[in-house]
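Only one structure is covered here, and it is reproduced in the block below.
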Amino acid sequence: MAGRLPGPRRRAPEIHDRLGQLYPHATCSLDWSTPWELLVATMLSAQCTDVRVNQTTPALFERFPDAASAAAVEPTDVEPYIRCLGFYRAKARHIVAAARLLMDRHGGAVPASMAELLQLPGVARKTGNVVLAHAFGINAGVTVDTHVRRLAGRLGLTRHDDPPRIERDLMPLLPRSEWERFSLRLIFHGRAICAARRPRCEDCSLVDLCPTGRRSVGTAIV
């Protein structure tokens, strides 16, 4: 009979360490060079792969390299540059509206606080966490994208399904300094092994720490 799994607080550090061995260089997959570009790229990544976003943003950033250039146009001027992405009309509206707010309140600069980022149209905590962590080196929380949401549930680190509650469950499990690294490692593992439709539990190095994996392959902890 399989032994009882320890709780999330005991398993999370080991999960983090094992993922660190698998993905020692895990980092943000979006291409960007300024906080503005990272903000826009992360907004565009909703319901879209980072690969597709990276294929789209070079022309977009050449035309709109900063908030001032995007604030001066209408959403219909942005749409042709992102038409291949899902929900492109809404995203174009958000980019222009966010740019105008940045010009009005922040002199065109992307603010380095979660409270101010969340005031921008199209920005929720996922985008705020990514921008703060990678553009400013601030770990404000755990970035919960579709991969993190899926893996946190399968690994039994949360019983919730909505990103804000998942984030609140994950934050106490590791030191603040590791929050973004943990998210990135989960994302990389989600892409490589723990896919949405068919997780490769038989190839997963976390299977003995994962209630879903143990049920799948019959791994027992004695």
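Rule-based calculations on the coordinates, nothing more; no lab input. As the structure is a computational prediction, the values presented were derived from the model and not from experiment. A quick note on method: Cβ atoms are made from the backbone with ideal geometry, for glycine too, and the neighbour counts reach across all protein chains shown.
Filter region 166-213 down to the residues that are farther than 24 Å from residue 3 by Cβ and β-branched (Val, Ile, Thr) and list them by number.
Of everything in region 166-213, those that are farther than 24 Å from residue 3 by Cβ and β-branched (Val, Ile, Thr) turn out to be 166, 187.
List the number of the failed condition for residue 140; all other conditions in (1) within 15 Å of the chain's Cα centre (by Cα); (2) in a helix (DSSP H, G or I); (3) of a type in the set (Gly, Ala, Ser) hold.
If we test residue 140 against (1) within 15 Å of the chain's Cα centre (by Cα); (2) in a helix (DSSP H, G or I); (3) of a type in the set (Gly, Ala, Ser), just (2) comes out false.
Do you know which residues across region 99-112 are touching a residue at least 24 places away in the same chain (Cβ under 8 Å), assigned to a loop (DSSP other than H, G, I, E, B) and either among the hydrophobic types (A, V, I, L, M, F, W, C) or closer than 24 Å to residue 141 by Cα (or both)?
If the condition is that a residue be touching a residue at least 24 places away in the same chain (Cβ under 8 Å), assigned to a loop (DSSP other than H, G, I, E, B) and either among the hydrophobic types (A, V, I, L, M, F, W, C) or closer than 24 Å to residue 141 by Cα (or both), then 109, 110, 112 are the ones that fit.
Can you tell me which of (1) farther than 17 Å from residue 75 by Cβ; (2) in contact with a Leu (Cβ under 7 Å, 6 or more places away or on another chain) is the one residue 136 doesn't meet?
All conditions are met except number (2).
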